[in-house]
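The values are calculated or read from the model by the stated rules, or taken from the named source; none is laboratory data. For clarity, every value in this text was computed on a predicted model and none was experimentally measured. A quick note on method: Cβ atoms are made from the backbone with ideal geometry, for glycine too, and the neighbour counts reach across all protein chains shown. Note: areas computed on protein heavy atoms with side chains; ligands, DNA, RNA excluded. Shrake-Rupley method; radii C 1.70, N 1.55, O 1.52, S 1.80 Å.
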Amino acid sequence: MGNLLSGVTGLSAGIVTGTALCAFYIALGVFSNSSVSLGLRNTGLLMSASTAAGGLTGAVITLFDVRLPIGEAFASLCGLLSGVYVGIVIACLAEVTDTIPVIKNFGRTRQAIAFLLLAFVLGKTAGSLIYWLSGVF
Amino acid sequence: MKKELFFALEKTAYAKGPRVPLYSICSVYGATAQPLKNVLIPLKGAATTVTALDVMARIAPLYPDYAITNLGPTECRVFMQHSPGSPLLKVLKVMLLCLVMFFGGAVAIMTFHEDVSMSQVHSDIYAFFTGAEQENVPVVSVPYSIGVAVGFVMLFGLYRRRKSRPTVLDIDIHNYENQLRDYLAAQGNRPDG
């Protein structure tokens, strides 16, 4: 009986966590904006399937001690792609909170806004690199 | 039978000075537009709404034996253009804001990674793919940092692209400018000035 209750609780917890995370990303507009920026349409099924598969894989990897030793290159690839995803989420967050129109007042031309965003992005990359490559943190 | 004259207003117009010539906000069909060049409309404040009735009252004396009909929108919002200001000050402001965004973004992402213990996740990924436990994994972390920049730039389109495919940034700016125009037009129409 205890096992059954634990199993049901775990299932419910998983459902709620996955739904909440996905709802958060949909509200930010991550999936729609990223597919529009590449010129793709009708990507709903693609987005939901790949996100669900990724979430399942991540949960299995972190909770169970599984290994798939195929080499360092795949670890780099995983890091690169997850970095792209984090960048997209940050950009959508910046768009939803209307930070771009707020900084628009400082630069009247589109070029100035592009410079500001580029400075923002380079700052984030530099911060990440410093965080990992220097021995301070 | 009276000759027919049709006129149409623009929906929005930008004026270079405190008075705007009728020629730039109104076009006519059925007669020459020459008399329109001389009529000036004074602007009140940052935004003025010029109604079709107002325009008709001004062009009726110019075309005495025409029957005038409005074929376009019933009002035109005319906005005063800002004076350019000193370019040096603008460049300084942009540079200062660039520095703020650079360091702010750096510290923000550092605190975010510290908060979610991303380095532990990276060494877990490395352990998953190679089987070796390691504290610092630049193999995973450096592509991740580059990927953050790539993802951000991909969404906001800071590279050259076709004009027919606007990015999220263009639409955002367009929405904000529309809201700004609506606000200015509404301010111009308020009774207490």
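Interface size between chain B and chain A, please: total buried accessible area, 1.4 Å probe, rounded to the nearest 100 Å². Protein heavy atoms only, the B-A interface buries about 5700 Å². Modelled this way, with points 7 Å down the Cα-to-C-beta line, the labels at A:Arg67 and A:Leu40 are 3.4 nm from one another. Taking the centroid of alpha carbons for each part, segment A:1-50 and segment B:54-71 are 62 Å apart. Taking the 0 to 90 degree range and rounding to the nearest ten, how far is the long axis of helix A:2-28 tilted relative to the main principal axis of chain A, both from C-alpha atoms? Tilt relative to chain A: about 20 degrees. Ordering B:Leu169, A:Val84, B:Pro138 by the projection of their Cα atoms onto the charge dipole of the protein assembly as shown, which places +1 on the Cβ of Lys and Arg and -1 on the Cβ of Asp and Glu, puts B:Leu169 at the extreme positive end. Taking label positions 7 Å along the Cα-Cβ direction at both B:Phe112 and B:Asp65, the computed distance is 7.4 nm, reported to one decimal.
Do you know the relative contact order of chain A, to the nearest whole percent, from alpha carbon pairs under 8 angstrom that are 6+ apart? Computed value for chain A: 26 percent relative contact order.
Rounded to the nearest 500, the 222 nm mean residue ellipticity of chain A from helices alone is -27500 deg cm²/dmol, with -39,500 (n - 2.57) taken per DSSP H run of at least 4 residues. Ignoring lysines fewer than eight residues from B:Lys44 along the same chain, the ones with Cα atoms less than 18 angstrom from its Cα are B:Lys11, B:Lys16. As a fraction of the 1.4 Å probe accessible area of chain B, surface on carbon and sulfur atoms comes out at 61 percent. Summarising the strand pairing of segment B:3-80, around 55 percent of its internal DSSP beta bridges are antiparallel. Taking every DSSP helix (H) stretch of at least 4 residues in chain B, weighting each as -39,500 (n - 2.57) and dividing the sum by the residue count yields a mean residue ellipticity at 222 nm of -16000 deg cm²/dmol. Taking the Cα atoms only, what angle lies between the long axis of helix B:87-116 and the longest principal axis of chain B, rounded to 10 degrees? Long axis of B:87-116 versus the principal axis of chain B: about 40 degrees. In this structure, the amide hydrogen of B:Tyr14, modeled 1.01 Å from its nitrogen in the peptide plane, lies closer than 5 angstrom to those of B:Phe79, counting only residues at least 5 positions away or on a different chain. Between A:Ala13, A:Ala27, A:Ala52, where does the largest GNM mean-square fluctuation fall for chain A, given springs only between Cα atoms within less than 10 Å? Maximum fluctuation in the GNM of chain A, among the listed residues, is at A:Ala13.
Counting Lys and Arg as +1 and Asp and Glu as -1, each charge on the Cβ, what is the dipole of segment B:3-80 about the Cα centre in debye, to the nearest 20?
Rounded to the nearest 20 debye, it is 300 debye.
For segment B:3-80, relative contact order (Cα pairs under 8 Å, six or more residues apart, normalised by length) works out to 49 percent. Inter-chain neighbour count for B:132-144: the average number of beta-carbon atoms from partner chains within 10 Å of each residue's beta-carbon is 6.
Can you list the aspartates and glutamates whose alpha carbon is less than 16 Å from that of B:Lys3, not counting same-chain residues fewer than 8 positions off? Leaving aside aspartates and glutamates fewer than 8 places away in the same chain, those within reach of B:Lys3 are B:Asp65. Relative to the current alpha-carbon distance between B:Leu40 and B:Val91, full extension at 0.36 nm per residue lengthens the span by 14.8 nm.
Axis angle, to the nearest 10 degrees, between helix A:44-63 and the longest C-alpha principal axis of chain A: 60 degrees.
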